[in-house]
Amino acid sequence: MNARSMPAVVVRGEAKRGEWNEVGLETVAMPALQAGEVLVQVEACSVNRADLLQRRGLYPPPLGASQVLGLDFAGFVVEAPTTQTFKASDRVFGIVAGGGYGRYVAVPVDHLASIPENLSFVEAAAAAEVFFTAYYNLFVQAGMKAGDILLVHGGGSGVGTAAVQLCSSSGAKVIVTAGSDDKIRRAIDLGAYAGINYKAEDFAGRVMEITDGKGVDIVLDCIGAPYLSKHLDILKTRGRIVVIGLMGGSSGEINLVPVLTKRLKIIGSVLRGQSREEKAEITRGFIRTVAPLLKSGRVKPIVDRIFSISEVEDAHRYLASGEHFGKIVLTWKSF
């Protein structure tokens, strides 16, 4: 490698849509800094389901974004030519539209957050994407407030574990679904009000039992089409569904009557495609709202397993297995 190249994880060859395309470390050009950007040496990044979609040719990066995999990073600034906000050696973390699996990443300065002193690079990487996602969709999109009751699918996922903690720390109650009793117990230990094993129980019926027939104010939905009708049934008047994923499918029929009679809102949400200005605003809100909670320890990233960046294939297969609780992190430390 020369001075302006770097190792990074990329999809090898031409990606075939829907297939488990090969990924691995390759030498690529180091990102060139644009106006208002800093260069960060990445020490750790997390594995997200979006990465699995991208390697299968189902979720390409937005126009102009890096083709390198990875939607978050934690590391330290190595070049900051046009800003006084951050300087070389400052520890930072955040989200990107691509490039997080590279040894270096170029990031707009207003998309950076300082890593709290109590968090390691691994912990910061585990926090970045999921706490940004939970914050934006709960506080901004859904307008969550104290006293609200929420249903969060995937209570053992990275976003689920972050959402549980943010809800409970904000005076809201969250009901989670998960695929095992062990994951439910662990989510309750993090602050969940109740849990439902979706493999053994009808989640909609149990939600109504848990809430004494009242239903919930907000649903954070990563499943999509198969659950939509049930979500409309269990929402209270003026309830909100925030759809952040389509793991169960993207199309189906629904009865629109509850949407009208209960004045419901169905909100679609994705962070990756947001504009630079929108991400800057989200980052400011994250720094104002979530960073103090991470610094105080009131909320914490949940790290399930750590893999070397060279073990990316094993990390992806482990995420696909669904056995994890919390986040899977890739680190450059042992590379």
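The values are calculated or read from the model by the stated rules, or taken from the named source; none is laboratory data. Just so it is clear, the structure is predicted and the values come from calculations on it, not from any experiment. As a convention, Cβ positions derive from the backbone with ideal geometry for all residues, glycine included, and neighbour counts pool all protein chains shown.
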Inset, instruction - Tell me, yes or no, whether region 67-75 has at least one residue that is of a type outside the set (Ser, Thr, Tyr), modelled with pLDDT under 95 and assigned by TED's automatic domain parsing to the domain that holds Lys327. - result: yes
Inset, instruction - Filter region 208-220 down to residues that are touching a Leu at 6+ places or on another chain (Cβ under 8 Å) and of a type outside the set (Val, Ile, Thr), then give me how many there are. - result: 3
Legend entry - Residue satisfying all of: in region 138-156; surrounded by fewer than 24 Cβ atoms within 10 Å (Cβ to Cβ) and not aliphatic (A, V, I, L, M); farthest from Tyr101 (Cα to Cα) among these: Gly147
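Kindly establish whether Ile302 is closer than 16 Å to Leu166 by Cβ, modelled with pLDDT of 95 or more and surrounded by 14 or more Cβ atoms within 10 Å (Cβ to Cβ). Before the answer, list the steps.
Values: closer than 16 Å to Leu166 by Cβ: yes; modelled with pLDDT of 95 or more: yes; surrounded by 14 or more Cβ atoms within 10 Å (Cβ to Cβ): yes.
It is true that Ile302 is closer than 16 Å to Leu166 by Cβ, modelled with pLDDT of 95 or more and surrounded by 14 or more Cβ atoms within 10 Å (Cβ to Cβ).
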Inset, instruction - Return the residue satisfying two criteria in turn: it lies in region 79-97 and is surrounded by fewer than 21 Cβ atoms within 10 Å (Cβ to Cβ) and without any contact (Cβ under 8 Å) to a residue 40 or more places away in the chain, and of such residues it is farthest from Ala124 (Cα to Cα). - result: Gln84
Legend entry - Output for region 9-53, where each listed residue is within 30 Å of Ala162 (Cα to Cα) and either assigned by TED's automatic domain parsing to the domain that holds Gly160 or basic (Lys, Arg) (or both): Arg49
Inset, instruction - Look through Leu39, Leu58 and report the one residue that is out of contact with any Cys (no Cβ under 9 Å at 6 or more places or on another chain), among the hydrophobic types (A, V, I, L, M, F, W, C) and touching a residue at least 60 places away in the same chain (Cβ under 8 Å). - result: Leu39
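One line per residue, one yes/no per condition, for (1) in a helix (DSSP H, G or I); (2) in contact with a helix residue (DSSP H, G or I) (Cβ under 7 Å, 6 or more places away or on another chain):
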residue: Val107; (1), (2): no, no
residue: Val122; (1), (2): yes, no
residue: Tyr135; (1), (2): yes, yes
residue: Leu138; (1), (2): yes, yes
Legend entry - Among the candidates Asn197, Asn255, residue that is surrounded by 14 or more Cβ atoms within 10 Å (Cβ to Cβ) and farther than 20 Å from Val130 by Cβ: Asn197
Inset, instruction - Scan region 181-213 residue by residue and report those that are of a type in the set (D, E, K, R) and assigned to a helix (DSSP H, G or I). - result: Asp181, Asp182, Lys183, Arg185, Arg186, Asp189, Arg206, Glu209
Inset, instruction - Sort through Leu220, Leu264, Leu228, Leu232 and tell me the only one that's touching a Pro at 6+ places or on another chain (Cβ under 6 Å), buried (at least 18 other Cβ atoms within 10 Å of the Cβ) and in contact (Cβ under 8 Å) with a residue 12 or more places away in the chain. - result: Leu232
Inset, instruction - Specify the residue that is surrounded by the most Cβ atoms within 10 Å (Cβ to Cβ); the eligible residues are those in region 308-335 that are part of a loop (DSSP other than H, G, I, E, B) and in contact (Cβ under 8 Å) with a residue 24 or more places away in the chain. - result: Gly326
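Scan region 286-307 for residues that are over 21 Å from Ala50 (Cβ atoms) and either in a helix (DSSP H, G or I) or over 16 Å from the mean Cα position of the chain (by Cα) (or both) and report the count.
11
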Legend entry - Odd one out for Gly147 among (1) closer than 25 Å to Gly213 by Cα; (2) part of a helix (DSSP H, G or I); (3) not acidic (Asp, Glu): (2)
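Condition check ((1) among the small types (Gly, Ala, Ser); (2) at pLDDT below 95) across all residues:
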residue: Cys222; (1), (2): no, yes
residue: Ala225; (1), (2): yes, yes
residue: Leu235; (1), (2): no, no
residue: Gly248; (1), (2): yes, yes
residue: Thr261; (1), (2): no, no
residue: Leu264; (1), (2): no, no
residue: Gly273; (1), (2): yes, yes
residue: Glu278; (1), (2): no, no
Inset, instruction - May I ask you to verify whether Leu246 is part of a helix (DSSP H, G or I) and either farther than 23 Å from Gly94 by Cβ or in contact with a Ser or Thr (Cβ under 6 Å, 6 or more places away or on another chain) (or both)? - result: no
